Amino acid sequence: MRRPIGTVSHHNCEVQELRADRRFAVECAKGAVESLTNAEERPGGLVMLRARAEAYGGLGAVAAKAGITRAALRRSLSPKGNPRMKVIEAVLKPLGLSLSVVPQQKKARKRAARKPPKTARVRAAA
């Protein structure tokens, strides 16, 4: 299927934005890595990491750093992919990022509104 003249794919626009704004690329990479722990968000996170790889060095260069072929990298970062740690590290390195382990933040529980304590009524002696 041919694209109409004068249009650009969303993916190509995203790659251009990532190249132009490093801060944006770093925040997107953080979000992509965080999404890898959630089964529903994982496919999107892998696609986001692939866009970062294309924006910062290209798939061939990132694959070489990871010690795998370009095709293997493309498969690893597809929605159904399952990348190794060295692949994720190779994608993050051109951005100056690395993986680290931090404690999970506990979700704040909603506490039931506490009733004020009952106070004893004191009657004045008449």
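Bear in mind these aren't lab numbers, they're just calculated from the coordinates by the rules spelled out. Computed from a prediction, not measured in an experiment: that's the story for all the values here. Cβ placement follows ideal geometry from the backbone for every residue including glycine, while neighbour counts extend to all protein chains displayed.
Just to be sure I understand the model, the point goes 7 Å from the Cα along the line to the Cβ. What's the resulting residue 22 to residue 37 distance in nm?
2.7 nm
So what's the net charge close to residue 31: Lys and Arg +1, Asp and Glu -1, counting the other residues with Cβ under 12 Å from its Cβ? If you can, show how the numbers build up before the last one.
Values: positive: 30, 52; negative: 27, 34, 41.
It works out to a net charge of -1.
Rg to Rh ratio, segment 10-95, alpha-carbon atoms and Kirkwood radius?
Numbers: Rg = 11.5 Å, Rh = 12.4 Å.
Ratio value, two decimals: 0.93.
So how do 69, 37 line up by other beta-carbon neighbours within 10 Å, fewest first?
Working: 69 13, 37 10.
In increasing order of surrounding Cβ atoms, one gets 37, 69.
Once fully extended, how much extra length lies between residue 8 and residue 69, figured as 0.36 nm per residue of separation less the alpha-carbon to alpha-carbon distance? Intermediate values should be presented prior to the final figure.
Working: separation 61, 0.36 × 61 = 21.96 nm, distance 2.76 nm.
Going from the current span to full extension adds 19.2 nm.
Would you tally the net charge around residue 63, using a Cβ to Cβ cut-off of less than 9 Å, leaving residue 63 out, and scoring K and R as +1, D and E as -1? Don't skip to the answer; put the middle values down first.
Details: positive: 65, 70, 74; negative: none.
Net local charge, residue 63 excluded: +3.
Determine the sum of side-chain charges near residue 79: Lys and Arg each +1, Asp and Glu each -1, restricted to other residues whose C-beta is under 10 angstrom from that of residue 79.
Values: positive: 42, 50, 80; negative: none.
It works out to a net charge of +3.
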